[in-house]
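The values are calculated or read from the model by the stated rules, or taken from the named source; none is laboratory data. For clarity, every value in this text was computed on a predicted model and none was experimentally measured. Glycine also receives a Cβ, built like all others from the backbone with ideal geometry; neighbour counts cover every protein chain displayed. With ligands, DNA and RNA removed, areas are computed over all heavy atoms of the protein, side chains included. Shrake-Rupley method; radii C 1.70, N 1.55, O 1.52, S 1.80 Å.
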Amino acid sequence: ALEGFHRSLAVDLLGFGMSAGPNSEPTFWDQAGLLAEMLRQDAGRQYVVVGHGLSAALALELGRRVPERIQAVIALGYG
């Protein structure tokens, strides 16, 4: 069993899925900043970030912003 082996997080970007968006439409850079801050607060953990489409670009940006938290990036459907 993989219990205790890994932890998964599924994130709804602001204004997508079931997440309410702010009054103004958040930019790519706003979203990246919020995600990076979330990972910075979870000290000591490293993540494999998987993204599709816009989320693939965000995954790559997270690798640039918080490389100490990113073990690997899997970008699907980017480009």
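Would you check which residues across the stretch 13-40 are exposed (fewer than 12 other Cβ atoms within 10 Å of the Cβ) and modelled with pLDDT of 90 or more and list them?
Hits for the stretch 13-40 are Trp29, Glu37.
Mind counting the residues in the stretch 31-69 that are outside any helix (DSSP H, G or I), farther than 13 Å from Leu9 by Cβ and touching a helix residue (DSSP H, G or I) at 6+ places or on another chain (Cβ under 7 Å)?
If we filter the stretch 31-69 for residues that are outside any helix (DSSP H, G or I), which is where we start, we get 42-53, 66.
Now drop any that are not farther than 13 Å from Leu9 by Cβ, which leaves 43-44, 52-53, 66.
Going one step further and asking which of them are touching a helix residue (DSSP H, G or I) at 6+ places or on another chain (Cβ under 7 Å), we end up with 66.
Qualifying residue count, the stretch 31-69: 1.
For the stretch 48-72, give me the residue count where each residue is open to solvent by less than 50 Å² (accessible area, probe 1.4 Å), more than 17 Å from Gly33 (Cα to Cα) and in contact with a Gly (Cβ under 7 Å, 6 or more places away or on another chain).
Count: 1.
Out of (1) exposed (fewer than 11 other Cβ atoms within 10 Å of the Cβ); (2) at negative phi, the odd one out for Gly77 is which?
(2)
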